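All remarks here apply to the structure that follows.
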Amino acid sequence: MTERQEQSPTLRVGLLQTAPVFGAVEENLARIADLHNRLGPVDLSVTPELSVNGYGFAPPAQTALFTGDDPRLATLVSAGIAVGFAEKNADGLPWNSYLLSDPLTGTRHLQRKLFPVSYAPWNEHLTFQGGAELMTADCQSARIATAICNDMWHPAVPWLAAQGGAEVLFVPVASLEGSDPARIRRTWEVILEHAAVLLQCYVVFVNRCGTDDGTRFWGGSRVVGPDGSILAQLGDEPGAAVAELDLASLRRLREDVPLLAESRTGFLADAFGIGRSLERK
């Protein structure tokens, strides 16, 4: 941790809103790198769900599957760029995964999508294996977690991330416009603001844009503060933005209004018949 981070901890995050093309892996990687290089100094840059593979409503080709240590990903990840990709699984369907690394320590954070969408037009459960664990990790001066798209539609996921200490919640998505673009945008606004305010965290939402397989994605990437304010926002075209997250202020808020600390996890465990308290890692 640098002297500046010790005195006033912050995390400077870059949003990289891209329009990946399904199956065009090399081109997608090049576009991510180019957009990041035009961003300026940041601690970490984030890209959308499946930013490397694209979202084609079809299984990715075997040649387009990656392992977490694939050198094509390592070049970006080691530079502090978080990427979404189809991860090879020797035991079955691939995972819809998201990988980032702390450029200062090299500590890696790999999250697999917990809830692949099980209904049309997505039907991700036919293409991807669901992840089995929600991870939190230290990244520079912050504690972070990742909830991939549909995982945010399951309220227990962001709550568990916050209970695990997450101060910054990364939300990479591939959200399409559908038949009612205004409704889907408003729904996401509610989800993001609800998580930021009630879980007292920064929510970094990065959606893709452009079209893939004839479907239009609406972008709208943004960073939401713990008071519900928008710290940075993008439109519906490829682009980049930067937000500086004030972690010292966030920690004071959690001390003054200890919503997370007063959670009765034992009560919840009993309600679900678990018979024991949930443990905070």
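The values are calculated or read from the model by the stated rules, or taken from the named source; none is laboratory data. The structure displayed is predicted, hence computed values, not measured ones. As a convention, Cβ positions derive from the backbone with ideal geometry for all residues, glycine included, and neighbour counts pool all protein chains shown. These area figures cover heavy atoms from the full protein model, side chains too; ligands, DNA and RNA do not enter into them. Shrake-Rupley method; radii C 1.70, N 1.55, O 1.52, S 1.80 Å.
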Exercise. Order these peptides, 220-230, 174-184, 76-86, by their mean beta-carbon neighbour count within 10 angstrom, highest first.
Key: 76-86, 220-230, 174-184
Quiz item: Counting Lys and Arg as +1 and Asp and Glu as -1, what is the net charge of the other residues whose Cβ lies under 9 Å from the Cβ of Thr18?
Solution: +2
Self-check item: Where GluC sites (Glu not before Pro) fall in DSSP loop in segment 228-277, at most 11 other Cβ within 10 Å
Solution: Glu262
Self-check item: Per residue solvent-accessible surface (Å²) - the chain, probe of 1.4 Å
Solution: 45
Exercise. State, as an integer percentage, the relative contact order of the chain based on alpha-carbon contacts under 8 Å between residues 6 or more apart.
Key: 20
Quiz item: Cα-based Rg (one decimal) and Dmax (whole number) for segment 135-226, in Å?
Solution: 13.4, 41
Practice problem: Please report the base-10 log of the normalised intensity I(q)/I(0) for segment 17-170, using a Debye sum with one equal scatterer per alpha carbon and no solvent, at each q in 0.14, 0.20 (1/Å). | Solution: -0.66, -1.35
Exercise. Pairs of Cα atoms under 8 Å, at least six residues apart: use those to get the relative contact order of segment 1-94, whole percent.
Key: 30
Self-check item: Cβ-based charge dipole, the chain, positive-most Cα from Val257, Ala243, Leu93
Solution: Val257
Practice problem: Would you kindly calculate the translational diffusion coefficient of segment 214-255, applying Stokes-Einstein with the Kirkwood radius from alpha carbon pairs, for 25 °C and a viscosity of 0.890 mPa s, and quote it in µm² s⁻¹ without decimals? | Solution: 202
Exercise. Indicate, rounded to the nearest 5 percent, the antiparallel portion of the DSSP beta bridges found entirely in the chain.
Key: 65
Quiz item: Could you list log10 I(q)/I(0) for segment 22-67 at q = 0.21 Å⁻¹, which the Debye formula gives when each Cα is one point scatterer?
Solution: -0.75
Quiz item: Roughly how many debye, to the nearest 20, is the charge dipole of the chain about its Cα centre, given +1 on each Lys and Arg Cβ, -1 on each Asp and Glu Cβ, and no other charges?
Solution: 220
Practice problem: Let me have the relative contact order for segment 94-186, percent, based on Cα pairs under 8 Å that are six or more residues apart. | Solution: 23
Quiz item: Given only helices, namely DSSP H runs of n ≥ 4 each adding -39500 (n - 2.57), what is the per-residue ellipticity at 222 nm of the chain, to the nearest 500 deg cm²/dmol?
Solution: -7000 deg cm²/dmol
Self-check item: Per DSSP, loop trypsin sites (Lys or Arg not before Pro) in segment 32-99 with at most 14 further Cβ within 10 Å
Solution: Arg38
Quiz prompt | Carbon + sulfur, % of accessible area of the chain - ligands and nucleic acids excluded, 1.4 Å | solution = 53
